[in-house]
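J.: Below: one structure in structure tokens.
All of the numbers you see were taken from the coordinates with simple rules; none came from a lab. Remember, predicted model here, so these are calculated numbers, not experimental data. So basically every Cβ, Gly included, is an ideal-geometry build from the backbone, and we count neighbours across all protein chains shown.
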Amino acid sequence: MTAKDDRDLSERFTVLRDEDAAGAPPLSRVLRGREAKPPAHPARWIPVAALVTAAALTAVVLVLKPRGAEPTIEEAIAQAQSISSWTAPTDEWLTLSGLEIPNSVPSLSLSSVTLPEEQNAATPQGEAR
Amino acid sequence: MTTMEAALAEIHAEAFGWALACCHRDRFLAEEVLHVAYVKVLAGSARFDQRSSFKTFLFGVIRKTAMEQRRASWLSARRLAQWFTVRPVPEPSADPEAVSLRSERAGALTAALTHLSVRQREVMHLVFYQDLTIEEAAQVLGITTGSARQHYERGKARLRELLPNEAHR
């Protein structure tokens, strides 16, 4: 970036500034403010009114819409059963290989290890060294 | 005319230029923003504590007011009406008087500025249009000087890409 570039930019901004200054509203008008605004057009409220009307109509339709007939008891029970027996198709993804090992706990009724007291009891006194 | 009104009158044209920059060059909105900003200053809701220059203070108020106006108008009836009515973009070039005044160079600059980020555009405007230093521009925007300097350098480089360099011809 050179000084020439900066000067060129400054000149461009100066032209823009001069033009803006020439078209600037007088201070007195800006201070009055509201009078400078164009009068509100009634058409401005048409979209708002249309949205409100559409919302009200939708609400009325939803309230007055006839609901379907109530299901019989048998139908309700069948529906409940189908819901309770439902399983997700992805359930099988949750089963891991090797899960059956922790689920089958080995029996502790007989031990293959011979404890020292049991060994003494089984050995006759005379044979002890 | 009070002292504050005299101070406003002194930099009114520059303040309008800054309001235009903050309102995407929408003249009607810029005038509205300027009015609200002036009322804030005159009523004392925006108080000048003399920590910076009056110009820097006023520009900060104008920028904040423009942001508030944009937020407030987001769901206003005026905004909704825009969806249903086709109206010309409020660009000054649509005004015949402005068209006759606008030079080709300024028009090219205005178009190029739309390709910059908001921050870059603001910094470029404050430095080149308003002749503020980068430090003062940072104060107006509420950012650090380093950040403002970065936006300034990048904005300048981008403008150089977008604008034909008449200085080198």
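J.: Count neighbours as other Cβ atoms within 10 Å of each site's Cβ, and list the trypsin sites (Lys or Arg not before Pro) in region B:2-47 that are DSSP loop with at most 12 such neighbours.
T.: B:R47
J.: So how long is each side of region B:103-163 along the principal axes, counting just the alpha-carbon atoms, biggest first, in Å?
T.: Here the spans come out as 33, 19, 14 Å, largest first.
J.: In peptide B:12-18, how many Cβ atoms from other protein chains are near each Cβ within 10 Å, on average?
T.: 6
J.: Follow-up. Between B:M4 and A:A22, what is the FRET efficiency for a Förster distance of 25 Å, r being their Cβ-Cβ separation, to the nearest 0.05?
T.: Computed FRET efficiency for B:M4 and A:A22: 0.50.
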